[in-house]
Amino acid sequence: MKAKLLTLVGIASTVLALDLWTKRWALDTLSGGRSQELFGGIVPLTLAFNRGAAFGIGDDARWLFIPVTIVALVLLGALLVQARPGDWLRVGAVSLVIGGALGNLYDRLRWSAGVVDFIGPVDLGFMLWPIFNVADIAISTGAVLLALSFLLEEREERAARRAADENGREADGAGPAPAGAGQTLD
C-alpha cells in the first residue's frame, strides 16, 4: 500500500502543480482577449472559463459538480486501495484522474467564474475541439488507461478460469478437452 500511496502522491501532485501553474500562466498571459499559438498555429491558446462539465458541457452547475467530484474522488480512492499489488497501470491511471479532478475542483471551489481552460479550440478540419486544460488532459488520459486496466484484468481472469477448468478436467481423469468440445453445430 505504501508504494501505491507514494505513486498516487507523486503523480497526482505533479498533475495538480502543473495544472495550477499553467492556469495561473493563462490568467496572467491570455487575459483581455490576448491569445497565443503553439506548433505553428495548430494549437491556439485562448482563455475561457468553463462553468459546466468537461469541454463546456452543461451550464453553471458548480454546486452539482463539487459534490459529484468529491464522491468520484472517494470512489477513485477505493479503486486505488483495491488495486492488486503490481497493477501500476491502474494505480497510475487513478492517480492521473485524481490529480486532474483536484485541479478542476480547486477552480470550482475558489470562485464562481468557472474552471480555467486555455488550450484550444483546436481545428480538426471537421470540427473545433473545445477549449481544455492540463487537468482535462490528465482526467481523459487516466480514464482511457483505467478502462485499459479493467480490460486487461478481465482478460487475465478469463485466462485463469480457462486454465482452472482445464486443470479440473485433467484432475478428474478426463484429460484435456478434445478439440471442438463444447461447440455446437448450427
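The values are calculated or read from the model by the stated rules, or taken from the named source; none is laboratory data. Please read all numbers here as calculations on a predicted model, not as lab measurements. Positions of Cβ are generated from backbone atoms using ideal geometry, with glycine treated the same way; all protein chains shown enter the neighbour counts.
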Surrounded by 14 or more Cβ atoms within 10 Å (Cβ to Cβ) and within 16 Å of residue 9 (Cα to Cα) - does that describe any residue in segment 57-73?
yes
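For segment 115-145, which residues satisfy the criterion of being among the acidic types (Asp, Glu) and farther than 18 Å from residue 105 by Cα? Before you say what the answer is, go through the steps one by one.
Taking segment 115-145 first, the residues among the acidic types (Asp, Glu) are 117, 123, 136.
Once the filter is applied, which keeps residues that are among the acidic types (Asp, Glu) and farther than 18 Å from residue 105 by Cα, segment 115-145 yields only 123.
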Single residue of 68, 115, 81, 122 found to be among the hydrophobic types (A, V, I, L, M, F, W, C) and over 19 Å from the mean Cα position of the chain (by Cα)
122
Segment 1-28 residues that are free of Cβ contacts under 8 Å to residues at least 24 places away in the same chain, paired with ones that are part of a helix (DSSP H, G or I) and of a type in the set (Ser, Thr, Tyr) (beta carbon under 9 Å, 6 or more apart)
9/95
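Only one residue in 79, 109, 124 is within 18 Å of residue 50 (Cβ to Cβ) and surrounded by fewer than 20 Cβ atoms within 10 Å (Cβ to Cβ), so which one is that?
Numbers: 79 fails: within 18 Å of residue 50 (Cβ to Cβ); 124 fails: within 18 Å of residue 50 (Cβ to Cβ).
Only one candidate qualifies: 109.
Taking residue 96, is it in contact (Cβ under 8 Å) with a residue 40 or more places away in the chain, under 26 Å from residue 25 (Cα atoms) and surrounded by fewer than 21 Cβ atoms within 10 Å (Cβ to Cβ)?
No.
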Residue 55 passes all but one of the listed conditions (1) farther than 30 Å from residue 152 by Cβ; (2) modelled with pLDDT under 90; the exception is number (1)
Can you pull out the residues in segment 86-113 that are farther than 18 Å from residue 8 by Cβ and in a helix (DSSP H, G or I)?
107, 108, 109, 110
Subset tally (residues that are farther than 15 Å from residue 22 by Cβ, assigned to a loop (DSSP other than H, G, I, E, B) and among the small types (Gly, Ala, Ser)) for segment 118-157
1
